[in-house]
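S.K.: Questions regarding the structure given below will be posed in turn.
The values are calculated or read from the model by the stated rules, or taken from the named source; none is laboratory data. Being a predicted model, the structure only gives us computed values, none of them experimental. Note: ideal-geometry Cβ built from the backbone for every residue, glycine included; neighbour counts use all protein chains shown. When the accessible area is computed, the model is the full protein with side chains, heavy atoms only, and any ligands, DNA or RNA have been set aside. Shrake-Rupley method; radii C 1.70, N 1.55, O 1.52, S 1.80 Å.
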Amino acid sequence: MSRPADGPLAVGVDLGGTKIDARLLDTTGRVFAHTRAATPRTGGDAVIDRIVDAVATVTEGLDRDALAGIGVGAAGVIDPADGNVVDATDAIPGWKGVRLATALSQRTGLPVRVVNDVHAHALGEFAAAGLPGDASLLLIAVGTGIGGAFVRDGGVMAGAHGAAGHFGHIASPHAAGLACSCGGLGHAEASGSGPAILEAFQRLGGMAPDTYAVARSAEQGDERALTAVELSARTVGSLVGSLVNSFDPTHVVVGGGVPHIAGWWQAFEAAARHEALPLLRSFTVSPSSSEAAACIGAASLILGSVRTSSTNRSTPHD
Ligand SMILES: [Zn+2]
């Protein structure tokens, strides 16, 4: 491949529990090559091998000096200072403790930076929206779980452990008495997530194989399905309204699969504005802009158009 742009290029990698997405990008977010692969279920070394393969695929034939490095948004709690996986669920077996940035840098000879995948997503949304430097963005993603991130001054708030943004594990009155995936009780995820919609439907006596089926029933006007979907929407709405009261962001972005369920968004937005303080009630809220957002945010760690503002900021591994 000849050099496709004048400026520097980076590979942005979005590493989730089911898929690895890699894109070759420039500082404007333009994508020159893209590949996607399934996340191996056989341990950390296999995941690293697959990322190395994906990077090789999207940079094939590229002049080495055109490539500034690799940015990764990875599942799990990531220490942005050293790119180590501090904690992880068993979604990727053997993932906790993997020294991801160091391993990728050794294998590729390139600078590597790693942050949490939701943090990368938020950085990408900020960049994709072309927001001014004094803007701030709250991202909340609603799918199998509920997570998010807060971006201000061009950087994502990582927290002392790299774990900031576990918004699904905030207590919610809508989830009172319900068990959460974290082992806690009454957290927003227990009544707001995709699996929570299926569970609410089943508590009401409904029968469905999965959340998709409940969503289809809601679309057809099934009362129990509509109630289950509305519980999720009101839970996430009141959660977002509370977070708006906490962070006072200029922009709120909502991602994940659940907001696509028919009727969910209207109930969500009404609950969010109701929960927000009167002064803040007119906040801007929009759906996630692009499936490439996490790759754009990851690449921006290298390209510098958006930089993490962690107190543990480090130079790339090189
Ligand atoms: Zn929880």
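S.K.: Would you mind getting the Kirkwood hydrodynamic radius of segment 27-105 from its Cα pairs, rounded to one decimal in Å?
M.R.: When all Cα pairs of segment 27-105 are included, the Kirkwood radius is 13.8 Å.
S.K.: P(r) of segment 62-130 in 5 Å steps, Cα pairs, percent per bin?
M.R.: 4, 17, 23, 21, 18, 12, 5, 1
S.K.: Can you give me the Rg/Rh ratio for the chain, using Cα atoms for both radii and the Kirkwood formula for Rh? The partial results should precede the final answer.
M.R.: Values: Rg = 19.7 Å, Rh = 20.0 Å.
Answer for the chain: 0.99.
S.K.: Mind listing P(r) for segment 1-154? All alpha-carbon pairs, 5 Å bins, whole percents.
M.R.: With a bin width of 5 Å, the distribution comes to 2, 9, 18, 22, 21, 16, 9, 3, 0.
S.K.: What percent do you get for the relative contact order of the chain when only Cα pairs under 8 Å and 6+ apart count?
M.R.: Working: 749 pairs, mean separation 68.7, N = 318.
Once divided by the residue count of the chain, the mean separation gives 22 percent.
S.K.: Moving to a separate point now. Hey, can you grab everything whose amide H is under 5 Å from the amide H of Val252? Only 5+ residues off in sequence or another chain; H modelled, so Pro and N-termini drop out.
M.R.: Here Leu138, Thr284, Val285, Ser286 satisfy the definition.
S.K.: Next question, about the same structure. Which whole-angstrom value gives the distance between the alpha carbon centres of segment 179-212 and segment 35-78?
M.R.: Answer, in whole Å: 34.
S.K.: How big is segment 133-287 by Rg and Dmax over its Cα atoms, in Å?
M.R.: For segment 133-287, the Cα-based Rg and Dmax read 15.3, 50 Å.
S.K.: Sorted by accessible area (1.4 Å probe), largest first, how do Asp82, Asp90 line up? Let's see the in-between values first.
M.R.: Numbers: Asp82 50, Asp90 125 Å².
These residues rank, largest area first, as Asp90, Asp82.
S.K.: Could you order the peptides 42-52, 14-24 from most to least packed, using the average number of other C-beta atoms within 10 Å per residue?
M.R.: Most protected by this proxy first, the peptides run 14-24, 42-52.
S.K.: Another question, if that's okay. Which value in deg cm²/dmol, rounded to the nearest 500, describes the helix-derived mean residue ellipticity at 222 nm for the chain, given -39,500 (n - 2.57) per DSSP H run of n ≥ 4 and division by the residue count?
M.R.: Result for the chain: -10500 deg cm²/dmol, rounded to the nearest 500.
S.K.: So if each residue of separation counts as 0.36 nm, and I subtract the Cα-Cα distance between Ala160 and Asp65, what length gain in nm does that give?
M.R.: 30.7 nm
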